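See structure below.
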Amino acid sequence: MSKPGASVEASQRAVAEVRLGGRLAGLSLPRQVFALALWPLLEQVLAFFVGLTDLLIAGRMVDGADRVAVLDAMGLGGYVAWFFNILQAAVATGVMALVSRATGARDHGLANRALGQGLWLGLAAGMGSWLLLQTGIPPLIHWVGLSPSAATKAEEYLRVLAWSGPFSGVVFAISAALRGSGDTRTPFAAMIVVNVVNVAMSWLLVFGPAPLGGHGIAGIAAGTVIGWIAGALTIVFFLFRKPSADALHWSAATLRPDGVTMRRIIRVGAPQSIEIAGMWMIHAFSVRVIAGLKDPGALGAHILAIRVESMSFLPGFAIATAGAALVGQYLGAGSREMAVRAVRLCWRAALLMMTSLGIFILLGREWLVGWMAPGSELHVRLAEPLLVICAVTQPFFATCIIFKTSMRGAGATHTVMRWAFASMLFYRVFALWALPHFMEPTLVAVWVVLGCDMLTQAAIFTRLHFRGKWLDARV
């Protein structure tokens, strides 16, 4: 008869014997998380400063009422850029899930096929984004309800920004494949190129000498497009280098269209595409509510508060990227226990980091908003109380980021889509629609509703994580 606890000890030994290959071989779990999260963290920090630079350039082009119009236009542009990114991230999710499973199972042929097919799907998603934006800009701006001056600036910005879609789609797909294989350094190098070129060209096209300078808000968008072109060329070049035996690489066979592999990527990514499209429409409704508030500059203040908040959630997304890659690799290696341990380690790290940064934002909120919008007391007054709500909701935000991203990494995108939609539709559509029937809507009241959505989703996805059914997802 076996001794009590013998089965637990055997299980622990089985977990301890699981070893990943490739770049993660021989590393402890904390070191694996660190190795995978470090470069995405640096990438997110760099992206934060690039976004900040775009706002600083926009805020210094004009003064007075024109500044309010430009910042409102950039606020809408930020949401559209987010739509670009998350639409293509649907393809990236499918690619990363398949590559990480294949890497964990030591199936390098499948990993390389997923890379090649992800390239074509990412390009197709980017072209789709370009087409949708080019045809949908006028009705979108009219529906949101920007002021005439802000609407003109927004259309000027978005017409140019749309051209970044195909190039960002390629970068997103290839980067996801590399991260799934355990290589987060190469995507970081490509994003350095994207962001450095973006900042340099945006500044030159706005403030540079004639004939390069003087292009206003369109110059900021053109700098972004040029940055994505440079990044796409860079990451494609990296994959043409002579690879090691287990590194992802191009070949004629992996680049040849493969319907089976594409369908596997789409099966995982399609639910997120639906989720993304629905999320964007729900957020667009929120933007419309905010743009319709009586306070002038409400939309600009809203986007400024989100920029400050990103100081906390961008590190959270970097940690979540590590968790998603490890979930896929450990499930591919046949260890559900290590997949769960990886997620919970990432959860604790994100809670600690994001809560600490939330406290920093709370204490320095006036200075942070003033730094991003110098000379605009209106935006400081409107955005400052929003950051109090931001600080309070950080633990819930961290929970949502880690659990939802890890479930996507496992391929359980259907589960994430259903529950995220349910919460967002209730709070971000129904509650915001009902708000004027009970009180005079304000920007603070809108953010309280959004915070309630975050709290509810954190509770839902915590329960789903501990139930464990997401581990059964097929990729």
*asked:* Just checking, does the range 415-429 include any residue being touching a residue at least 40 places away in the same chain (Cβ under 8 Å), in contact with a Ser or Thr (Cβ under 7 Å, 6 or more places away or on another chain), closer than 30 Å to residue 100 by Cα and of a type in the set (Gly, Ala, Ser)?
replied: no
*Quick check: is even one residue across the range 196-211 out of contact with any Lys or Arg (no Cβ under 6 Å at 6 or more places or on another chain), under 26 Å from residue 109 (Cβ atoms), surrounded by 20 or more Cβ atoms within 10 Å (Cβ to Cβ) and at pLDDT 90 or above?*
no
*Sort through 225, 289, 308 and tell me the only one that's farther than 30 Å from residue 450 by Cβ and touching a residue at least 24 places away in the same chain (Cβ under 8 Å).*
225
_Just the residues that are farther than 30 Å from residue 39 by Cα and either touching a Ser or Thr at 6+ places or on another chain (Cβ under 7 Å) or in a helix (DSSP H, G or I) (or both), please, taken from the range 190-231._
206, 207, 216, 217, 218
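Could you pull out every one of the helices (runs of 4 or more DSSP H) wholly within the range 356-459 that has 2 or more residues that are among the β-branched types (Val, Ile, Thr) and surrounded by 22 or more Cβ atoms within 10 Å (Cβ to Cβ)? Step through it out loud before you land on a result.
Numbers: elements: 365-372, 377-392, 394-410, 413-424.
Here the list reads 394-410, 413-424.
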*Sole exception among (1) surrounded by 24 or more Cβ atoms within 10 Å (Cβ to Cβ); (2) within 21 Å of residue 454 (Cα to Cα) for residue 325, by number*: (2)
_So, residue 267, is that one among the charged types (D, E, K, R), buried (at least 18 other Cβ atoms within 10 Å of the Cβ) and in a helix (DSSP H, G or I) or not?_
no
*Taking residue 297 and the conditions (1) crowded, with 23+ Cβ neighbours inside 10 Å; (2) under 20 Å from residue 428 (Cβ atoms), which numbered condition does it fall short on, given that it satisfies the others?*
(2)
*Residues of the range 407-465 being under 17 Å from residue 282 (Cα atoms), touching a helix residue (DSSP H, G or I) at 6+ places or on another chain (Cβ under 6 Å) and of a type in the set (D, E, K, R), which ones?*
428, 453
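Restricting the search to the range 164-187, which residues are farther than 20 Å from residue 94 by Cβ and either of a type in the set (Asp, Glu) or surrounded by fewer than 20 Cβ atoms within 10 Å (Cβ to Cβ) (or both)? Spell out the reasoning first.
If we filter the range 164-187 for residues that are farther than 20 Å from residue 94 by Cβ, which is where we start, we get 164, 185.
Correct list: 185 only.
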*Can you name every residue in the range 225-275 that is closer than 25 Å to residue 196 by Cβ and at pLDDT 90 or above?*
225, 226, 227, 228, 229, 230, 231, 232, 233, 234, 235
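The values are calculated or read from the model by the stated rules, or taken from the named source; none is laboratory data. This one's a predicted model, so the numbers in the text were calculated from it and none came from an experiment. All Cβ positions, glycine included, derive from the backbone under ideal geometry; neighbour counts span all protein chains shown.
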